[in-house]
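Okay, so here's the structure we're looking at.
A short reminder: the numbers here are calculations on the coordinates, not readings from a lab. Computed from a predicted structure; not experimentally measured. When we count neighbours, we look across all protein chains shown, and the Cβ atoms used for this are built from the backbone with ideal geometry, even at glycine.
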Amino acid sequence: MSSSELTIVWVYPDLLSTYGDRGNMLILAHRAQARGIPVRTVEVFANDPIPQGDIYLLGGGEDGPQALAAQRLLRDQGLHRAVDRRAVVFAVCAGYQLLGSSFFAKGEKCRGLELLDIFSNRGETRAVGELAGEVDPKLGLPTLTGFENHGGRTHLGPRVRPLARVRAGIGNDGLSEGAWSGTVLGTYSHGPALSRNPALADLLLRWATGEDNLAPFDESWTAKLRGERLHAVGMQ
């Protein structure tokens, strides 16, 4: 954290804001504030420069807004500078795809930000429904659960690790889901993702604050939600 205040930046809510992904910002802020961590949330629209922050959030979006977001972020370079100083980036669906070297929007190949060693193309079918998988052991997290709705397929290069191995749904390609490297992490999981995966929210907070031992949190509601959704796909 660059100061005593944790700054959470929601990137381009006017372009990348579908399937309730704004909830990720609200959940991070709530879980930080409940532990006595001062928090400031900033919503940065597409005509604004990317500011200094500790956690950057990108959500889902349609093809046209996704392509426009990539163009503006490439021109701005603020997200690249943030990654260079090891700020945390958490990206979902379209936001996840545009972190790679390329993705497809409206049938055309678009240049990505090259912040993760991935690229995305179009799948033969659309991936819609529950998504679950066993998270990379290096992250020390419980089973990932979420909802996916995307037409892309994402391919991982040697400089990233998959977030999870798929047990239900499609994710990247039916085998792996999401990707991460350093403090940059992407997923196809909506829900919003951090409501269904509170341990993932806390991982992002630990990365951003440097606090390895966050105070315990009442997980009774989220445990019930997770149990219901994992039971629905036969994983609990």
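Can you go through Val9, Val44 and tell me which one is surrounded by fewer than 24 Cβ atoms within 10 Å (Cβ to Cβ) and without any contact (Cβ under 8 Å) to a residue 60 or more places away in the chain?
Going through Val9, Val44 in turn, the sole match is Val44.
Take the residues of the stretch 136-182 that are of a type in the set (A, V, I, L, M), in contact with a strand residue (DSSP E or B) (Cβ under 7 Å, 6 or more places away or on another chain) and touching a residue at least 60 places away in the same chain (Cβ under 8 Å): which is surrounded by the most Cβ atoms within 10 Å (Cβ to Cβ)?
The residue in question is Ala179.
So, of the residues in the stretch 187-234 that are touching a strand residue (DSSP E or B) at 6+ places or on another chain (Cβ under 9 Å) and among the aromatic types (Phe, Trp, Tyr), which turns out to be nearest to Gly129 (Cα to Cα)?
So, considering only residues that are touching a strand residue (DSSP E or B) at 6+ places or on another chain (Cβ under 9 Å) and among the aromatic types (Phe, Trp, Tyr), the one nearest to Gly129 (Cα to Cα) is Tyr188.
Which helices (runs of 4 or more DSSP H) does the stretch 185-236 wholly contain that include 3 or more residues that are closer than 19 Å to Cys93 by Cα, under 22 Å from the mean Cα position of the chain (by Cα) and in contact (Cβ under 8 Å) with a residue 12 or more places away in the chain?
The qualifying helices (runs of 4 or more DSSP H) are 193-196, 198-209.
Within the stretch 52-96, work out how many residues are in contact (Cβ under 8 Å) with a residue 60 or more places away in the chain, assigned to a helix (DSSP H, G or I), under 16 Å from the mean Cα position of the chain (by Cα) and within 18 Å of Asp21 (Cβ to Cβ).
Count: 4.
Which of (1) surrounded by fewer than 16 Cβ atoms within 10 Å (Cβ to Cβ); (2) free of Cβ contacts under 8 Å to residues at least 60 places away in the same chain does Ala34 not meet, given it meets every other one?
Going through (1) surrounded by fewer than 16 Cβ atoms within 10 Å (Cβ to Cβ); (2) free of Cβ contacts under 8 Å to residues at least 60 places away in the same chain one by one, Ala34 breaks only (2).
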